[in-house]
Structure formats: structure tokens, C-alpha cells
1. Give the residues of the range 74-106 whose amide nitrogen is closer than 15 Å to a point set 7 Å from the Cα of residue 137 in the direction of its Cβ.
2. Can you give the local net charge around residue 102? Use residues other than it whose beta-carbon is closer than 13 angstrom to its beta-carbon, Lys and Arg +1, Asp and Glu -1.
3. Could you give me D for the range 37-204, from Stokes-Einstein at 4 °C and 1.567 mPa s, where the hydrodynamic radius is the Kirkwood radius over C-alpha pairs? Units µm² s⁻¹, please.
4. Which ordering of 127, 152 is given by a fewest-first count of other beta-carbon atoms within 10 Å?
5. Highest first, please rank the peptides 154-160, 103-109 by the mean number of other Cβ atoms sitting within 10 Å of their residues.
6. Multiply the residue separation of residue 185 and residue 92 by 0.36 nm, subtract the distance between their alpha-carbon atoms, and state the gained length in nm to one decimal.
Amino acid sequence: MKLLILFSSFLVLICAVLAQQQPNDAPITENNPKMATFQAILQEKKPIQGQITGVSSNNGTGVNFNINFFDFPDAAMGPFKYHIHDLPVPQDGNCTGAGGHLSPYGRNDTPACNATQPGTCQPGDLSGKHGAITDTAHEKNYQLMYLDLYVSTDPQSVSFFGNRSVVVHAANGARLNCGNFTQQMASNTTGSGGSTTTTAGTSTPTGAAVGLATVSKGGFVCAVAAMAYMLGTM
Ligand SMILES: [Cu+2]
């Protein structure tokens, strides 16, 4: 019995350390490749049209987004939300195939993103961090530019969005439209040194899934260890 207590208390200690090291917050992305540009265009013949473009910021920290959406359905279906989703939209165009939000640090969809602490949000939760689309009854075109510090144009980064997709949702979560990001030629660079080629890179959605599975498995072991510890000390 003594051995069990010793062993389980040791496990509990390890679990406590691991829990502390759990990287919940997304780090600010730095050294993004110069002028790397990725654009996603929403599909025709679906509600909401337009595109979203992300360009590395000038100093390589974060990504500048330019959003231009129009042709909204009934405003009562809003406010509309949009996210970078983990997977590209499959050939058949079905937005469900885009998977969940880009969340390489294991942050769940709930609780809702607190925009005053964007690092605690899912990197892919753009409307959570920068605002949902609300005033479509009066505003026919939704145009917005902002700097997002938590996604990346570097294919080596887990927060890379260039091989993923954008999904636009109704307020009830329905996926109204979606499109895949593809790399664009940098438009405002001069000289031969200006253009940046970024290889498509390897997608890591399965890596994220494995990571999550490991975390939940670890949680189970920790729960068992804590229970054994409590039983042993009773
Ligand atoms: Cu979404």
C-alpha cells in the first residue's frame, strides 16, 4: 500500500508539472517570410461572396488581413462568423470537410474567445479576435483590415494558414461558404530579391489531432493517479 501511495503521489506530481507546461496560449508569430501572400476566395453559387487575403507584416511579426465579403443572406441569419479551419475544403466543395478551427495549441471552441486576450483564443478564430460581421442589413460590403499576431505565413509554423481554408458561418454555426487559401504573387515588391517563394509545406492537422489525443490520454492517467493517491491515503 505504501508503495502505491508513493508511486501515485509521484505520478500526481508529474501531472501537476505537465499541467503547468501545457501551452494554452498561442505565441505571437515572428520572422514570417517577407510579403508572403495567401488568398481564399469564397465559392460561387453559395451565400456570401468575396475573399480574404493574408500578407506577412512588414517586420515579419504577424499577418495583415484584408477582408472583403458581400452578398450576405438575410441579416437575421447573422451575426456572421468566420474562421481559418484546419483542413482545406475537399474537391466537392463541401465546407464540412474543412474540419475544425485552426487550433494548434489545443484550445477548444468553448469558452468563447475573449478579444481583449487574443493570445488565449484559437489562432484560427479570426472573428472571435477581430469581431463578427454584424451590420449586414445596412452595410452591403464588409471590408476590414487588421493585423493578426497569432497566425503565420511560414509553412514551418504550426499556425501556418496558407494550406488551409476559411469558413463563413451563420449565427447558428451553419457553414454558409468556404474557400481554400492559395499563395499569390507578391504585388508590391520590386526587384528580383522581392519575390518570396514559400513551398506548400507539410500540413500538420494529424499532428494536432495526435497531440490532442495524447493530452486527453495524459489527463486520464492523471485522473487515475489522483484517484489511487486519494484511495491510498484514505
Ligand atoms: Cu468556422
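1. What the label zone holds, given the 15 Å backbone N cut-off, is 74-80.
2. -1
3. In µm²/s, the coefficient rounds to 80.
4. Fewest-to-most ranking of 127, 152: 127, 152.
5. Result, highest mean Cβ count within 10 Å first: 154-160, 103-109.
6. Length gained, residue 185 through residue 92: 30.9 nm.
No value in this document is a laboratory result; all are computed from the given coordinates. What you are looking at is a predicted structure, and each value in this text was computed from that prediction instead of being measured. Note that we place each Cβ from the backbone using ideal geometry, even for glycine, and neighbour counts take in every protein chain shown.
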